[in-house]
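The values are calculated or read from the model by the stated rules, or taken from the named source; none is laboratory data. Since the model is a prediction, treat every value here as computed from it, not as a measurement. A quick note on method: Cβ atoms are made from the backbone with ideal geometry, for glycine too, and the neighbour counts reach across all protein chains shown. We work out accessible area using only protein heavy atoms, side chains counted, and drop any ligands, DNA or RNA first. Shrake-Rupley method; radii C 1.70, N 1.55, O 1.52, S 1.80 Å.
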Amino acid sequence: MEYWDLIIIGAGPAGLTAGIYGARSGLKTLILEEKIPGGAAAESPLIENYPCFPGISGRELVDKMLEHCKKSGAEIHELENVAGLDVRGEKKIVKTNKKLYGASAVIIASGCSHGELGVPGEKKFRGRGVSYCAICDGAFFKGKKVIVVGGGNSAATSALYLSNLASNVKLIHRRNQLRAEEALVKNLREKKVEFLWNTDLKEIKGEGTVKSAVLYDNKKGEIKEVKVDGIFIQVSEVPNSQFAKKAGISTDKLGYVVVDERQRTSINGVYAAGDVTTCPIKQIGTAVGQAIIAATEAFGYIKRPYYYKG
Amino acid sequence: MNESDRELEEIRRKKLEELERKSGGKKAIDKPIQVTDRTFDQVIKTHPAVAIDFWSEWCPPCRFIAPIIEVLAKDYSGKVIFGKLNVDENLAIARRHGITSIPTLLFFKDGKLAGRIIGAVPREHIERELTKIIG
Ligand SMILES: Cc1cc2nc3c(=O)[nH]c(=O)nc-3n(C[C@H](O)[C@H](O)[C@H](O)COP(=O)(O)OP(=O)(O)OC[C@H]3O[C@@H](n4cnc5c(N)ncnc54)[C@H](O)[C@@H]3O)c2cc1C
């Protein structure tokens, strides 16, 4: 079995940062990435809140992180997904679709997947008007009418991006205000994005492709149907933690991996960082910060066991 | 199809075969070929089994599919032709097939649509669709 000091699961901002710190502290470090490096951050059209970069595309930022990480000496395996863990013993075993690895410590940085609404029509019209990634699919809606569902930063960023392409953008949110940054909200107003507050998307209708959306005003109790060509869903995400849960690592009700202030999970030698954790802030900066703690703690756990006991 | 259509078809087929011969001798195509709105119909008509990857430079999950398609083009060389269609430059064919999300893979058997995969999926998933258009 191939053996590593530190195995990191996921190569988004958290995983890549943990890779930099792990490798630089002298640990033989491997990052396993199910897809290609970058994670959710690569889907952000424009990032304006990550220090040093007042405006950078997500793709550009993660490419810089990736380059930095490789330079530090961490090894990255793409297209290799972690299917199972055995973390009961001192030596951790990581099972992927390709092989088995041994490691002294593991950092879970697997982020989240796009959340679905579960409304009628969503599955049927996926890829036929229903989308989960504005930067991927925006071009199909040049001059068309779209709806963005959600109230957080990623919904706001997506709506802004689409406002440069679509003829009309409606942002619908179940509450009466957004969770997104005020700076983004101001831009949305300038771009004439329409806000529909207290509104739930109830059903997606169409013929071949999406033609209309059934909206429910949860304050007035009214239902209406609006004509629309595209629906971008940017709602609560689902943590990629199945493999961790199966291995006996504590998760909360929603599946987020429970961590303490040192990014330790419920199992010794297993750490977690970024969007997959219970940390309520899901941003690149917080993912990076958590990963630094996780990698530094993992180093201490491996190299200074006496100091770290208890 | 009427008589002249058929003739045109025959000419087209011959031309394409000639092109293929020129580009790689008798060797079967083992790399994805570039497809545009203009060449799309020709490609799916001239080859019995075709898989087209609709992609764009700006789409992260497309970058996930790309290396898988490269490998499949090699592994299925002689059986399936893999094509890549960049939707940034070619929207018409994507529109015709109601595609609004990428990556989307379309599978054609004898020129007819036989399968569709939307989103980034593992290799095995794609292979399942490929078996439907081979033979
Ligand atoms: C549209 C959009 C806009 C955004 N805008 C901003 C912004 O402006 N500013 C900001 O700070 N944040 C923004 N974010 C949030 C930011 O992208 C995330 O907070 C950040 O990417 C979290 O990093 P992470 O490394 O924890 O997880 P991710 O980036 O999700 O990376 C996790 C990685 O793990 C991989 N993985 C999952 N499961 C497995 C497995 N079993 N085996 C191997 N690998 C696995 C995934 O493929 C993925 O690459 C935005 C997000 C979106 C969607």
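Annotations
- Region B:83-135 shape via C-alpha gyration tensor axes, a/c threshold 1.5: oblate
- Karplus-derived 3J(HN,Hα), 6.51/-1.76/1.60, for each residue of region A:286-298, Hz, glycine and proline x: 6, 4, 4, x, 4, 5, 5, 5, 4, 5, 5, 5, 4
- Net lengthening on full extension, B:Ala66/B:Ala114 (0.36 nm per residue, minus Cα-Cα): 15.2 nm
- Prolate/oblate/rounded label for region A:229-291 (Cα gyration tensor, a/c 1.5): oblate
- For the pair region A:1-76 and region B:52-128, the centres of their Cα atoms are 27 angstrom apart.
- For GluC sites (Glu not before Pro), the sites in region B:82-135 that DSSP calls loop and that have at most 16 other Cβ atoms within 10 Å are B:Glu89.
- Summarising the strand pairing of chain B, around 55 percent of its internal DSSP beta bridges are antiparallel.
- Where both bridge residues fall in the protein assembly as shown, DSSP classifies roughly 50% of the beta bridges as antiparallel.
- Within 10 Å of the Cβ of each residue in B:55-66, the mean number of Cβ atoms contributed by other protein chains is 6.
- Shown here for region B:39-118: trypsin sites (Lys or Arg not before Pro) in loop regions (DSSP other than H, G, I, E, B) with at most 10 other Cβ atoms within 10 Å, of which there are none.
- Taking every DSSP beta bridge that has both ends in region A:1-122, the antiparallel portion is near 40%.
- Cβ distances below 4.7 Å define possible disulfide partners, and in chain A the cysteines left without one are A:Cys52, A:Cys69, A:Cys112, A:Cys279.
- The string of couplings for region B:109-124 from the Karplus curve (6.51, -1.76, 1.60, θ = phi - 60°) is 10, 6, x, 9, 4, 10, x, 8, 10, 10, x, 7, 10, x, 3, 4 Hz, one whole number per residue in order, with x for Gly and Pro.
- Amide proton proximity set for A:Val235, modelled H, under 5 Å, gap of 5+: A:Gly115
- Linear extension gain, A:Lys227 paired with A:Glu78, 0.36 nm per residue minus alpha-carbon span: 49.5 nm
- Residues whose amide H lies under 5 Å from that of A:Leu46, counting only those 5 or more places away or on a different chain, are A:Gly58; hydrogens are built 1.01 Å from N in the peptide plane.
- Of all lysines in the structure, those lying under 20 Å Cα to Cα from A:Lys219, and not within fewer than 8 positions of it along the same chain, are A:Lys170, A:Lys202.
- Cα-centre dipole for the protein assembly as shown with unit charges at Cβ (Lys and Arg positive, Asp and Glu negative), debye to 20: 400 debye
- If you sort the three axes of the alpha carbon gyration tensor as a ≥ b ≥ c, you get a/c of 1.5 or more for chain A and a/b above b/c, which makes it prolate.
- Ranked by the mean number of other Cβ atoms within 10 Å of their residues, highest first, the peptides A:12-19, A:157-164 fall in the order A:12-19, A:157-164.
- Separation between Cα centres of region A:215-238 and region A:102-139, rounded to whole Å: 18 Å
- Potential lengthening between A:Glu60 and A:Glu261 on full extension [0.36 nm per residue; Cα-Cα distance subtracted]: 69.3 nm
- Between A:Pro120, A:Asn187, A:Ser167, the Cα set farthest toward the positive side of the dipole of chain A (charges on each charged residue's Cβ, about the Cα centre) is that of A:Pro120.
- Annotation: amide H of B:Phe82 within the under-5 Å range of B:Ile33, B:Ala51, sequence separation 5 or more or interchain, hydrogens built in the peptide plane.
- Peptide B:115-121 shows a mean partner chain C-beta count of 3 within 10 Å per residue C-beta.
- Within the listed set A:Val62, A:Val226, A:Val106, the Gaussian network model of chain A (springs between alpha-carbon atoms below 10 Å) gives the highest mean-square fluctuation for A:Val226.
- Taking the protein heavy atoms of region B:57-135 in the context of the full set of protein chains, the accessible area attributed to carbon and sulfur is 53 percent at 1.4 Å.
- Relative to the Cα centre, the charge distribution of region A:1-133, modelled as +1 at Lys and Arg Cβ and -1 at Asp and Glu Cβ, gives a dipole magnitude of about 280 debye.
- Across peptide A:207-215, the mean count of Cβ atoms from other chains lying within 10 Å of each residue's own Cβ comes to 1.
- Only lysines eight or more places from A:Lys71 in sequence, or on another chain, were considered; those with a Cα closer than 18 Å are A:Lys28.
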